[in-house]
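Structure record follows, encoded as structure tokens.
The values are calculated or read from the model by the stated rules, or taken from the named source; none is laboratory data. Given the structure is predicted, the values throughout are model-derived calculations rather than measurements. Quick reminder, even Gly has a Cβ in these numbers, built from the backbone with ideal geometry, and neighbours come from all protein chains shown. Each accessible area value is taken on the protein alone, full model and side chains, heavy atoms only, with ligands, DNA and RNA left out. Shrake-Rupley method; radii C 1.70, N 1.55, O 1.52, S 1.80 Å.
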Amino acid sequence: MSENQDQKLYLPSDAAVKAARISGMAAYDRLVAEAAQDYTGYWARLARELISWKKPFTQVLDESQAPFFKWFADGTLNASYNCLDRNIERGLGDKTALIFEADDGAVTRTSYSQLLARTCQIANGLKALGVRKGDRVIIYISMSVDGVAAMQACARIGATHSVVFGGFSAQSLRDRIEDTGAVAVITADQQVRGGKNLPLKAIVDEALTLGGCDSVKNVLVVKRTGNDVAMSAGRDRWMSEVVDTQPTTCEPEWVEAEHPLFLLYTSGSTGKPKGVQHSTGGYLLHAALTTSWTFDLQASDVFWCTADIGWVTGHTYIAYGPLALGGTEIVFEGVPTYPDAGRFWKMIQDHKVTIFYTAPTAIRSLIKAAETNEAVHPRKYDLSSLRLLGSVGEPINPAAWEWYHANVGGGRCPIVDTFWQTETGGHMITPLPGATPMVPGSCTLPFPGIQAAIVDETGADVPNGSGGILVVKKPWPSMIRTIWGDGERFKKSYFPPELKGYYLAGDGAIRDAKTTYFTITGRIDDVLNVSGHRMGTMEIESALVSCTELVAEAAVVGRPDDTTGEAICAFVVLKRPRPTGEEAKKIAKTRSGKIMRRLLRSIAKGEPITQDTSTLENPAILDQLAQTN
Ligand code: PRX
């Protein structure tokens, strides 16, 4: 790789260009031109090339119910057939699909044939319990082979999974169970992270007592630690008892392309998380396509995406994309800092990982650790197997990019800084490793076919060099289909009328005047991004005020943080014993009761207040807050 000092452009090496599937900018430009010339023809070609259809589609894009778009609507397919059976039919049955490394370092390899057999057993087990096509199944489990197999099993029988991250509370789990109306929950007795046993089943039990969960008829429990957990007769069953004796084959349920493959909850501007609904056909296409072009996944690669299956990154780049291409991937149960902060580097060395995909927060915290402890510095490990690095979830600051590039990538690996969202299903703006010259901190150019643009509040294009609102002008196959059960909110959140029918991402962005590259400037709504995790300020506020004994009022804003990107800054008025004065009982609310977040944001950042404060109920509070901050 060579570096052009003037523009800080990092060019892919000739060898990288030659080896890559999308080789050189001319190849990128050809794809962009193909999509511009015949948008639906472009996606149809790729959908035929990458996906095996049971019944081929004849319709490509149906815009008649916009913004409820349909893709490939009359085609049928099965996602698990595409990820498993198809690879075995191509002779990959004995190839390792998953290299699972447990928290304590124990390694298990699962071949494609074994993963298919396990998936079919779970699928048959779910069917035996009465789970049918269209039912929703909650998966509340940590990183494991059964976690991936459970997702595939749901897909196999046409049940819609909704994975809930194992760190979420009983209340959050309950909310998701109620909103989905799930008939079953798949969980484990406990989870193991950083050398500690943490509860899972006990939290499911608590969630189910909080009300609104009558839809749940069965709870399937994987034995992870074997420690005692309560089992409720008639409702709870050990996974092994239900599943291990089931046949290892299960005919896939062929579903329509628009059949909901999964619901995944994410934070929005209001207190209630949104159940993002994804399709089967369009989603799987983009999962496979981006794994192929952005990660350039080849037969000999060992791919490692460090995300958890509880997040969209773990869906697209663990549970579906790499498997759809017949790849070998790492599934890691633990945390990057256990037993020490060299864990990632040691695992890359041990498993000869070739493609590594992680979040800027992890990189920044590992930089800190390496600076104080030479033993966990990446240079202490043999990382020569790596050929490509990726970044996801939040903006990567140029300093972290440079460190990642030099110390992990040995100066030779391209970095794909992939911008996307739960709602987009897969990468939207990203370099392609054998084509795009890279600029640290920029996610560069739209993925071929994605019509990303920057506009003002009226939907008019802004010139390069001026910031604005990030939109996508045309529907794309893996886009969110709706918010589960709330089509109105879907329309309002993502397709506001003033934006001419464009998809509103919720981020601000700017294009460089010279390179035309995109840089994401951060959320423009009341959503925080803490360590790459999306959190709604109102969600955190409701959690705080739900401590009714102690908290009178709460207001939450973000504050820039060197490690986590953004930190939560909560202004809390306690009922006792502080503060005492009546005046302190009004945070920074207007007379109509609206929190003036921009003021709190300025205070949190230590900036002077320049905004209009005349509508505040108690303007004197600002000085008081600034002093206590
Ligand atoms: O603000 C953007 C940021 O993460 C948000 C999406 O979060 P979530 O739905 O949880 O999905 C995260 C994994 C895809 C976006 O609206 N974001 C994500 N990737 C990047 C990013 N910001 C800057 N650069 C990125 N590469």
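Checking the condition more than 13 Å from the ligand (Cβ to nearest atom) and closer than 25 Å to residue 422 by Cβ, which residue from 513, 552, 567 passes? After applying the criteria, what remains is 567. When segment 47-76 is examined, which residues are found to be surrounded by 14 or more Cβ atoms within 10 Å (Cβ to Cβ), touching a Gly at 6+ places or on another chain (Cβ under 8 Å) and touching a residue at least 24 places away in the same chain (Cβ under 8 Å)? If the condition is that a residue be surrounded by 14 or more Cβ atoms within 10 Å (Cβ to Cβ), touching a Gly at 6+ places or on another chain (Cβ under 8 Å) and touching a residue at least 24 places away in the same chain (Cβ under 8 Å), then 47, 51, 53, 57, 67, 68, 71, 72, 75 are the ones that fit. Yes or no: segment 442-450 includes at least one residue that is more than 29 Å from residue 538 (Cβ to Cβ) and assigned to a strand (DSSP E or B). The answer is yes; a qualifying residue exists.
Among the residues of segment 243-250, are any in contact (Cβ under 8 Å) with a residue 40 or more places away in the chain, in contact with a strand residue (DSSP E or B) (Cβ under 6 Å, 6 or more places away or on another chain), open to solvent by 10 Å² or more (accessible area, probe 1.4 Å) and not in a strand (DSSP E or B)? Give the derivation first.
Here is the first cut: in segment 243-250, the ones in contact (Cβ under 8 Å) with a residue 40 or more places away in the chain are 243-244, 246-250.
From what's left, in contact with a strand residue (DSSP E or B) (Cβ under 6 Å, 6 or more places away or on another chain): none.
Within segment 243-250, not a single residue is in contact (Cβ under 8 Å) with a residue 40 or more places away in the chain, in contact with a strand residue (DSSP E or B) (Cβ under 6 Å, 6 or more places away or on another chain), open to solvent by 10 Å² or more (accessible area, probe 1.4 Å) and not in a strand (DSSP E or B).
Whether a residue is within 22 Å of residue 179 (Cβ to Cβ) and at pLDDT 95 or above was assessed, and residue 219 passes this test. Given the structure, is residue 528 open to solvent by less than 20 Å² (accessible area, probe 1.4 Å) and within 11 Å of the ligand (Cβ to nearest atom)? Yes, satisfied.
Count of segment 190-208 residues, restricted to those that are open to solvent by less than 20 Å² (accessible area, probe 1.4 Å) and of a type in the set (A, V, I, L, M, F, W, C), is 4. Residue 142 satisfies every condition listed in (1) open to solvent by 40 Å² or more (accessible area, probe 1.4 Å); (2) small (Gly, Ala, Ser); (3) in contact (Cβ under 8 Å) with a residue 24 or more places away in the chain; (4) not in a helix (DSSP H, G or I) except (1). Looking at 235, 174, 224, just one residue is under 29 Å from residue 111 (Cα atoms) and among the basic types (Lys, Arg), and that residue is 224. Among residues of segment 501-520 that are more than 22 Å from residue 269 (Cα to Cα), those with a beta-carbon under 6 Å from a residue that is surrounded by 21 or more Cβ atoms within 10 Å (Cβ to Cβ) and polar (S, T, N, Q) at least six positions away or on a different chain give the pairs 517/442; 517/444; 519/442. A Cβ distance below 6 Å, combined with a sequence gap of six or more or placement on separate chains, defines the contacts here; from segment 401-430, residues that are open to solvent by 10 Å² or more (accessible area, probe 1.4 Å) reach residues that are more than 11 Å from the ligand (Cβ to nearest atom) in the pairs 402/440; 403/367; 407/378; 412/1. Residue 382 meets all of the listed conditions (1) closer than 30 Å to residue 350 by Cβ; (2) within 16 Å of the ligand (Cβ to nearest atom); (3) in a loop (DSSP other than H, G, I, E, B) but one, namely (2).
Whenever a residue of segment 602-617 is over 18 Å from residue 558 (Cα atoms), its partners that are of a type outside the set (Lys, Arg) and in a loop (DSSP other than H, G, I, E, B), lying with C-beta atoms within less than 7 angstrom and at least six residues away or across chains, give the pairs 613/619; 616/588; 616/596.
Taken together, the residues in segment 259-306 that are buried (at least 24 other Cβ atoms within 10 Å of the Cβ) and β-branched (Val, Ile, Thr) amount to 5. Taking the numbered list (1) charged (D, E, K, R); (2) more than 16 Å from the ligand (Cβ to nearest atom); (3) out of contact with any Pro (no Cβ under 9 Å at 6 or more places or on another chain) in turn, residue 343 passes all entries but (3). Looking at this structure, is residue 338 within 29 Å of residue 535 (Cα to Cα) and open to solvent by 10 Å² or more (accessible area, probe 1.4 Å)? It is true that residue 338 is within 29 Å of residue 535 (Cα to Cα) and open to solvent by 10 Å² or more (accessible area, probe 1.4 Å).
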